[in-house]
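The values are calculated or read from the model by the stated rules, or taken from the named source; none is laboratory data. Please read all numbers here as calculations on a predicted model, not as lab measurements. A quick note on method: Cβ atoms are made from the backbone with ideal geometry, for glycine too, and the neighbour counts reach across all protein chains shown.
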Amino acid sequence: MIYKEFEINEEGSLPGAKLTVYIQDLYNEISIEKRPLVLLCPGGGYAYTSNREAEPIAMAFMAKGYSTAILRYSCYPAHYPTALLELGRAMLIIRENAKEWHVDEDAIVLQGCSAGGHLAANYACTWREDFFSQKLLGKSVDQEKELLRPNGLILCYPVITSGEHAHRDSFIRLLGDRYDELLEKVSLENAVNEDVPRTFMWHTYTDQSVPVENSLLFAMALKKFNINTELHIFPEGCHGLALASNITISSPEGKELVPSAQPWIDLATTWMKHYGL
């Protein structure tokens, strides 16, 4: 395995912002020349990045044949758009090293949980904007912008809307004193466009922290642009399930153990493989 850490230092970045990559080696007895890669954005309400939604999920994808990377992006007191720029830089690092790491450059998938889902979805909606290419590439050339493109998007109980069904604390931390100015801009059901890649989403019906309406609103917005989407709503489970198994239990009562939601990782893998991701 190739294991590397890259310090991320964009405008507004805090100490500890980094990209960690876990690249599966090539072996003579395995006839695989290159692998897809999943880039993970853990949740944490833009207050921190969750350990439960980082390595355990990365290892689960690796067990299914993927290389992975985890972005520990800057959270509060860092504000928008710092984390977005860090995610763009992470994408560039992966693409610049894709050949050395045997990564399939047409199969780099963003994955995010909760507020990390908001970050991943926000990036998926805005990666083509001149803002990114100017900040990260120093130029706005359409051909160069393709380096920033994600090939797929996996959202786990994502924060999406800043409206009626918002997880309000996430937006307060993300926007700081620009809350009123930017609140509508980061309500992602209004940001979807034709450049968003095909998307896999899941949520639980009983999520009381980030209501299921967040995923429903995003899915309906994707439908308006005819973007290929798979959405699963599981009947029970609290927020922040991660793998929904005993590997990622957090509470003493084990409320994050929800067998009915555990198939999400298999469903996501089946979806990716169906579309060559």
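Answer with yes or no whether residue 17 is buried (at least 22 other Cβ atoms within 10 Å of the Cβ), small (Gly, Ala, Ser), under 30 Å from residue 77 (Cα atoms) and touching a residue at least 24 places away in the same chain (Cβ under 8 Å).
Yes; evaluated as a whole, the condition is true for this residue.
From 57, 94, grab the single residue that is farther than 27 Å from residue 251 by Cβ, of a type in the set (Val, Ile, Thr), buried (at least 21 other Cβ atoms within 10 Å of the Cβ) and not assigned by TED's automatic domain parsing to the domain that holds residue 275.
94
In the list 204, 126, 161, which residue meets the criterion of being more than 18 Å from residue 239 (Cβ to Cβ), β-branched (Val, Ile, Thr) and at pLDDT 95 or above?
Step by step, each of 204, 126, 161 is checked, and only 126 is more than 18 Å from residue 239 (Cβ to Cβ), β-branched (Val, Ile, Thr) and at pLDDT 95 or above.
Looking only at segment 230-275, how many residues end up being among the small types (Gly, Ala, Ser), surrounded by 20 or more Cβ atoms within 10 Å (Cβ to Cβ) and assigned to a loop (DSSP other than H, G, I, E, B)?
So the answer is 4.
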